[in-house]
1. Can you pull out the GluC sites (Glu not before Pro) in region B:20-113 whose DSSP state is coil and whose Cβ has at most 16 other Cβ atoms within 10 Å?
2. Expressed as cubic angstrom per residue, what is the convex hull volume of the alpha carbon set of the protein assembly as shown?
3. In the P(r) worked out for region A:272-391, what percent of Cα pairs fall beyond 24 Å?
4. Please give the FRET efficiency for B:Gln115 paired with A:Arg389, using the beta carbon to beta carbon distance and R0 = 35 Å, rounded to the nearest 0.05.
5. Hey, what does the equivalent ellipsoid look like for chain A, semi-axes from the Cα gyration tensor as sqrt of 5 times each eigenvalue, largest first, whole Å?
6. Positive end of the charge dipole of the protein assembly as shown (Lys, Arg +1 and Asp, Glu -1 on Cβ, about the Cα centre): tell me which of A:Ala220, A:Leu101, B:His386 has its Cα farthest that way.
7. Where in region A:106-135 does the amide nitrogen come within less than 11 Å of the point 7 Å from the Cα of B:Arg387, taken along Cα to Cβ?
8. Can you tell me the FRET efficiency between A:Lys345 and A:Arg400 if r is taken as the Cβ-Cβ distance and R0 is 30 Å, rounded to the nearest 0.05?
Amino acid sequence: MIATIAKGELVGAWRDGRFRLGAVLVLVLLVVAGLLARQQVARETAERDAATALERKNWVEQGNKNSHSAGHYGVNVFKPSSPLAVFDRGIEPFVGTTVFLEAHRQNQTAFLPAQDATAMRRFGELSAALALQVLVPLLVVLLAFGSLAGERESGTLRQTLSLGVAPRSIVLGKALGIAAAIALLLTPAAAVLAILLSRSAEPAAEGTWTRAGWLAAVYAAYIAVIVAGSVAVSASTRTARSALTILLAMWALNCIVAPRLASDVVHGQLPMPKLAVFEVEMQKDVMEGLDGHDARSKQIEDFTKRTLAEHGKTSVDQLPFNFQGFVMLESERMAGVVFDHHFGKLWDRIQEQDRAVAWAGFAAPMLALRSASMAFAGTDFAHHRRFARAAEEHRREFVRLLNEDLMNNARPGDHGYAAGRALWEALPEFRHEVASAAEAWRDARPSLIVLAAWLVASLAFLGWSATRLRAVIL
Amino acid sequence: MERDAAPGGDPVKSFTLELRLFFAERATWVLLVLFAVVLVYSLANGAAAGRTARDSAELVEKDTFQWATQVREALERQALDPRQVAGRPTSALLPPAPMPALAVGQADLLPAHEQVSLWRLEKPSEGRSELENPSRLLAGRFDLAFVLVWLLPLFLLAAAYDLCAGDREAGTLRMVLAQGVSPRVWIARRAFARGAPVLVIAVLSVVIAGQIGGAEGVGARTGFAVLVVIAYGAFWLALAALVNGYARSAAAAATALGSIWVLFVLVVPTLLNVVVENLHPSPSRAELVAEARAAASVAEKRGNELVSSFYRDHPELAPVGMQGDMMSRMLAVQDEVGRAMDPVKQRFESAILAQQEVVDRWRFASPAIAMHEALTDLAGTGYWRHRAFRVQVETFKDQLHAYYSPKFHKRAPLTKADLPNFPKFEFIEESSTAWRSRVLAGLAGILALAIAAGVVAALRLSPRKLAA
């Protein structure tokens, strides 16, 4: 019986010209979004590779100079994009793509793509994720609002019930029919996206397919929640019109209002530090030490005394290595502790905010879906942080190698020392791999919990609405 | 027989009757209260954003003032080496927007001040005025512009989606028509009675936004914003009337209007983005950075040669013995690289300008785009005011360079007498004709769309066609 009803609903959806129109529109948007995004990611990858190669050339051919000066000359590294950014660009347009790595300083990533675009970009970028998050739920609402309330109004529900069909079969059949119609629409879109992904220029990073599988799962769960909820609302309202009003209001709250509202409210509760304050405090701690007791000059003085005592010498020029290089190493280490503290606090705050928004998904499932989607696509802040962290580790390693060279190869007190191409070539190039699927899964955990709760709750609501299915509601 | 006959012979009476009917429904009150709450929240958000902008601006001003005082006091004691003064960057500040509570626009993304120094090769910097969670930038702010562009149509449609479709469904439409009422007048009256309360609240919120932290002369901007909001509202009401001319049931009207909203507010803007970005893609920042460094290293190697050729061209600036020191050499090198990179940097500015021009041309593809552009323009947080700032900063860089560079090379000491001549950055607001003409074009476009929808609706809403 359930199958018959589901089939009837599916056929009905297909015969509905408006659904066909909507479905075609969504399908076209999904495919066009995928194609364009792939083109864009390919272009950006090519640009980045060219820039990386040129930067390496700049670095290697910088000429002979003091190895610490080379640390000041520094190097730029560029953020690789995640293969699944084709599906969901996430925060990519709003974080920098370039980090300048140099001695003494941990820089923030610079150049936000959104700054090189018009304000229109923020109206909404066409992406497959956006179509699935916003447009498909609307399509579900339009299919589902009349599914039971409409039959109730026209009296056919009374007939069906009087034939002795179990209410559960009716409700479940309707829900499955609508789900099948949406699945029929999305399967070709998913196939096209999968083909695009498998034919991307670069070999897919490890875990890409696992991530894609998770993406499919979370979107399926989200759409299931919308289908079940919509049919349940239609089962519980007197007229199709009131079902439509309720469902459209819920759709607008979930898809349009919630994202902005949640991020504004969370920001109010967990504010970001002011940039000026952040920089001043960090600089102060670099100069005075984290505990604020020992001025940097005092720390260096102590360090000098300690070093001299350890080697039993009275002057730094008597040490068996270049003391200047040794001090640089030590001061980088001290500054590193300060940077870790301040950037750690800043990034923790951003992630706290993001997690709070994901938990706010209990009020609007779109919030949880969005954050899970970005996590599995590798385009959320957690992934950006991994890149920024990797770049900083690379910076420290490369500055350390330069300072060690100065320490070991420059004669004590020699100010004319210059290293050359051999050293520049010996320094490693920056490589960054996208995190494993397991890590993305850990990032997405709050959103997964929220989505699972929604799935259970909406199915329970659907079941409950079946037990109360009436031919007429007064 | 286009006569407004009984039961509504007196137009004022009929209008008040429609209003009373509308307000008799509990749903109406829920709708209006909800709309008011949303507006108040968005105003509070806009006000907070305006305060943040003012605070940051004050901080920059304070810093500039302190440095100016320090220099003045030092100059009163003795003459200074220009290198001590010119090396430190000067802040070029974009003052807070004239009507910040109306729209946050790009203010959370684009820097409101820039550090300008004699050294032309800046390191890639964060380029932002504030630390911000990127997810928040992605989501956008819950500001008044958001409520007016996205939600106002939804509230209007919720109030006015069923102008006669429900009557047709219930079979009462023929009855009404049989009384000789002109359907055009009747539906227009209904649309107006249901739309007006929503629009009145919206207009009120715009007026309040003008009062919150607005700059001088905000009255004209407020006036334009009110007109734009009314035109936008008229468009959606006309659309509701048009759809009601066709829809067989209230639910069908709601579905159709909802879909049109999605098309205009969600789909068309994203498609326009695609067009814009494919017509005028932005160049690559990564390549710019790498190219600038390549150019720098070439210039670096030619450093001495650059300085001597510079002194050959400007013998009056050459120090004794024609030998530039390291600082002069650095300046010459940076100037050379800066000159080489200027056209490359210019490509970014031209790409965005070209993009914006396409947006301006196509903004009427959706009244939501035109509305959004007009509101951010009026708030002073859109593209054009920030562009004016960037252009002025570039000019200021040249001024600063023209003033300090010769003194730097000559090492001519700065004295107290030079103090009034120091280049200072002062943002010059766009002329009001510039923003007015843009906003007027937007307003005219939205009005034209509203009138077009109204005319088509009027044609459809003839008694003969309706009864059919």
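The values are calculated or read from the model by the stated rules, or taken from the named source; none is laboratory data. None of these values were measured; they are calculated from a predicted model. Counting neighbours? That spans all protein chains shown, and the Cβs are built from the backbone with ideal geometry, glycine included. What goes into the accessible areas is simple: the full protein's heavy atoms, side chains included, and nothing from ligands, DNA or RNA. Shrake-Rupley method; radii C 1.70, N 1.55, O 1.52, S 1.80 Å.
1. On the way: sites: B:Glu25, B:Glu58, B:Glu61, B:Glu73, B:Glu76; in loops: B:Glu25.
Sparse-neighbourhood loop GluC sites (Glu not before Pro): B:Glu25.
2. On the way: hull volume 175.4 nm³, N = 942.
Taking only Cα atoms, the protein assembly as shown has a hull volume of 186 Å³ per residue.
3. Cα-Cα pairs in region A:272-391 separated by more than 24 Å: 51 percent.
4. On the way: r = 27 Å, r/R0 = 0.78.
Calculated transfer efficiency: 0.80.
5. On the way: eigenvalues 716, 108, 50 Å².
After scaling each eigenvalue by five and taking roots: 60, 23, 16 Å.
6. A:Ala220
7. Backbone N within reach: A:118-119.
8. Details: r = 24 Å, r/R0 = 0.80.
The formula returns an efficiency of 0.80 here.
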